[in-house]
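All remarks here apply to the structure that follows.
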Amino acid sequence: MIASSAADRRTVLVTGATSGIGRALAGALAATGATVGIVARDTERGEQAKTAFAASTGNKRVELFTGDLSSLASVRRLAAAVAEAHPALDVLVHCAAVYTPRRRPTVDGFETMLATNLLGPFLLTNLLLDQIRAARSARILVLSAPSTIRLDFDDLQAERRFRSLTAFGATKAADLLFTFELARRLEGTAATANAVHPGLVRSNLMRGAPAPLRWATWLVSRSPARAVESILPLAMAPEFEGLSGRFFHRARQIEPPPYTRDPDIGRRLWETCAELVGLTEVFSRTMAQDSKNGLGVKERPDEG
Ligand SMILES: NC(=O)c1ccc[n+]([C@@H]2O[C@H](COP(=O)([O-])OP(=O)(O)OC[C@H]3O[C@@H](n4cnc5c(N)ncnc54)[C@H](OP(=O)(O)O)[C@@H]3O)[C@@H](O)[C@H]2O)c1
């Protein structure tokens, strides 16, 4: 149980709040009394979720931010709206993700799973770093899975060869690499970044997967509400404050696949993402050392 007195001063942002784990988590966060920003790609579904949270928890401080994580322009608008509404962000939880059985390019020409599951969260996080660093001790959580799939940096967009489950698994490994690299870059600041494996959870995520796989996983899956019982403390409980660069499952630390811990691969992925989303690394130092200048990455001057 999270004490509402501590929680109700906090501002949290949850992506993927219209379904599955994100929806259950946003509801649980609203119940703590915190100010909860929910991100939805569809305004109607977002309004519906917001109304439901307000009705079930009595919390009037639930705010809807519309944004499509697969579109860089939309993520930029989303980040600007959040930054304008909240000068400080205590908790950012990335729950949004998608699985597509066929290769689909986004409006920016990226493969959809890579864009939604990695590039959008990468850009959103970077654009909100000032708000994250303005909080007393911000926590960033990235929902992922213990994927052992290695990234093919020569074909990140799966243009040469697309196998849907492999491409999806690669985005989950990439989420781990991104989180651990982010944690390294946040060292020396009060902000932390951790990855979370929720276990198998009944949700809409694999609705496009082959039926036998869906049935088999459904049988052994937990409800989103059960999964959230061990995710909520990672976002709010004092005992997890200050812990960073970890991988949690059921609120216990687990070992991630060794590949995802490799700092050289993490740095390479970070630089590749920065290039793809139009952020440029302006400092080789860590963000902590760079306190005078604020962000460790910033937008390219010509891309506004
Ligand atoms: N379920 C599991 O067994 C499991 C296991 C391991 C890890 N995870 C991870 O847990 C996280 C949550 O998954 P879930 O199972 O709760 O999935 P889910 O029920 O499919 O929810 C995904 C959420 O992401 C949103 N979303 C999808 N594309 C988006 C986009 N382009 N822009 C903005 N939002 C978008 C969806 O919005 P709509 O409602 O509009 O579709 C939905 O709210 C994911 O990172 C997943 O990889 C899940």
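Quick note: the coordinates plus some simple rules give every number you see, no bench work behind them. Owing to the predicted nature of the structure, the values given are computational and were not obtained by experimental measurement. Methodologically, a virtual Cβ is constructed for each residue, glycine included, from the backbone with ideal geometry; neighbour enumeration extends over all protein chains shown.
Data for the structure
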item	result
Global geometry of the chain, whether rounded, prolate or oblate, following the gyration tensor of its Cα atoms and the 1.5 cut on a/c	rounded
Gaussian network model of the chain, springs between alpha carbon atoms under 10 Å - residue of Ala24, Ala158, Ala170 with greatest fluctuation	Ala158
Among 224-236, 79-91, the order from most to least packed when residues are scored by Cβ within 10 Å on average	224-236, 79-91
³J(HN,Hα) computed for each position of region 170-181 - Karplus, 6.51 cos²θ - 1.76 cosθ + 1.60, integer Hz, glycine/proline x	5, 5, 6, 5, 5, 4, 5, 4, 4, 5, 5, 5
Choice from Gln253, Gln131, Gln157 with maximal GNM fluctuation in the chain (Cα, 10 Å cutoff)	Gln253
Share, in percent, of DSSP beta bridges within the chain that are antiparallel, nearest 5	20 percent
Phi to ³J(HN,Hα) by Karplus 6.51 cos²θ - 1.76 cosθ + 1.60 over region 249-260, Hz, x for Gly, Pro	9, 6, 6, 10, 6, 10, 7, x, x, x, 3, 6
Segment Ala52-Arg9, extension gain: residue separation times 0.36 nm, minus the distance between their alpha carbons	13.3 nm
Selected from Ser164, Val277, Ala225, residue furthest toward positive end of dipole (the chain; charges at beta carbon)	Ala225
Residues with amide H under 5 Å from that of Leu143, placed H, sequence gap 5 or more	His94, Val196
For the chain: relative contact order, % (alpha-carbon pairs under 8 angstrom, 6 or more apart)	17 percent
For Leu200, distant residues with modelled amide H under 5 Å away	Arg222
